[in-house]
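Everything below concerns the one structure shown next.
The values are calculated or read from the model by the stated rules, or taken from the named source; none is laboratory data. Not measured: the values here are computed from a predicted model. Cβ placement follows ideal geometry from the backbone for every residue including glycine, while neighbour counts extend to all protein chains displayed.
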Amino acid sequence: MKTYKLNRITVIVAAAVGAAGLGFALYAPASTAADDKKADAPKPALTVSTATPQAARLPIKLSANGNVAAWQEAVIGSESNGLRLTEVRVNVGDQVRAGQVLAVFSADSVQADLAQARAALLEAEANAAEAGANAARARSLQTTGALSAQQISQYLTAEQTANARIASARAALATQQLRLRYTQVLAPDSGVISARAATVGAVVGAGTELFRMIRQGRLEWRAEVTASELLNLKPGTSALVKAANGSTLTGKVRTIAPTVDPQTRNALVYVDLPASDAKDAPFKAGMFASGQFELGVSAAMTVPQQAIAVRDGFSYVFRLNSDQRVSQVKVRAGRRLADRIEILDGIQANTPVVISGAGFLNDGDLVRNVAASASASAPAAPRTK
């Protein structure tokens, strides 16, 4: 009897264990498959924000290079011959005004010649007075027959000769007065002294260069442009000029050269630069400068600068597809305005492109798209797979 009860209990326990094993066999694989499927689901590589290109009006600019030069450079030379230079009153970089004395020559010999010329004039005037009196008496006696016709003619001729000698003496005096004025070298115009060759004590000849001066302190940018670009330029066009030291000035086109260099096929465009204090002027004659001519504005399609990914020397954007994956698209970038770049071709105006995180993406990556404001508050970073 005890043996029967024991076998019955054993059978019941075995049945319960079998039922539990069957249940585990039926339900455990299903749960494991769901977990495996969830684990195998692809995860977004990055959280990004997207936007479509925007229409804008961008300035049209023409870039060029050239040299800064003086608008006009005056050569100031000596007009005296064989005089010693006693004083030099200006140096390189000095601002001068028209008529200012720049240098002085010794005037001792000129003063002596001037005094002699004045004395010669007084002598000529005295002789002319005597000759005039004789001629007057001869005229009064002409009808009386007291003097012969020959004598009367001699007195009249002497009067004319004396008057001619007065004119000659006055001309000689004017010459010496002019030589005296030439002992002072005057500035022909206002401007800046750019070079000095005058040396105190030197005896120079007429025509010797003493100074060079930038007239009125005006500089110009001589930009070189190709012949095909000349049609876009005209007098009055604005230009932003940047020197090698980083200084910038805004000038205007004064004129365009009438010829093109047959070697380089470039033409010169003369751009007037605004005048400034010579000592603190950001531009100096002889400097190399680059610049851009402002030719107007035109319509353009732009994207933010951070949407452009530069790889292997080419520009790309990432287009967001309907399956939330991105495609790498090659584009051609154009003009730049602040933080936006013009797209010349490669995408359409309604194409959604990735703005934030474009530099971390690859072609075909799965992304999670969020609003631009949300992505702006937290910088994008690649997620670990």
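Does residue 380 qualify as being at pLDDT below 85, surrounded by 18 or more Cβ atoms within 10 Å (Cβ to Cβ) and of a type in the set (Gly, Ala, Ser)? Taking the combined requirement at face value, the residue satisfies it. Being in contact (Cβ under 8 Å) with a residue 12 or more places away in the chain, surrounded by 13 or more Cβ atoms within 10 Å (Cβ to Cβ) and not in a strand (DSSP E or B) is the requirement here; does residue 156 meet it? Judged against the criteria, residue 156 is a match. Here residue 336 fulfils each of the conditions (1) part of a strand (DSSP E or B); (2) modelled with pLDDT under 90; (3) closer than 16 Å to residue 48 by Cα apart from (3). Of the listed requirements (1) in the same structural domain as residue 276 (by TED's automatic domain parsing); (2) of a type in the set (Ser, Thr, Tyr); (3) under 30 Å from residue 92 (Cα atoms), residue 208 misses just one: (1).
Among the residues making up region 185-214, those that are buried (at least 17 other Cβ atoms within 10 Å of the Cβ) and under 18 Å from residue 97 (Cβ atoms) are 185, 187, 191, 192, 193, 194, 196, 210, 211, 212, 213, 214.
Kindly indicate whether any position in region 103-111 is more than 60 Å from the chain's Cα centre (by Cα) and on the phi < 0 side of the Ramachandran plot. No, because not a single residue in region 103-111 is more than 60 Å from the chain's Cα centre (by Cα) and on the phi < 0 side of the Ramachandran plot.
When every residue of region 116-124 is checked against the conditions, none turns out to be touching a residue at least 12 places away in the same chain (Cβ under 8 Å), in contact with a strand residue (DSSP E or B) (Cβ under 6 Å, 6 or more places away or on another chain) and either buried (at least 17 other Cβ atoms within 10 Å of the Cβ) or not basic (Lys, Arg) (or both).
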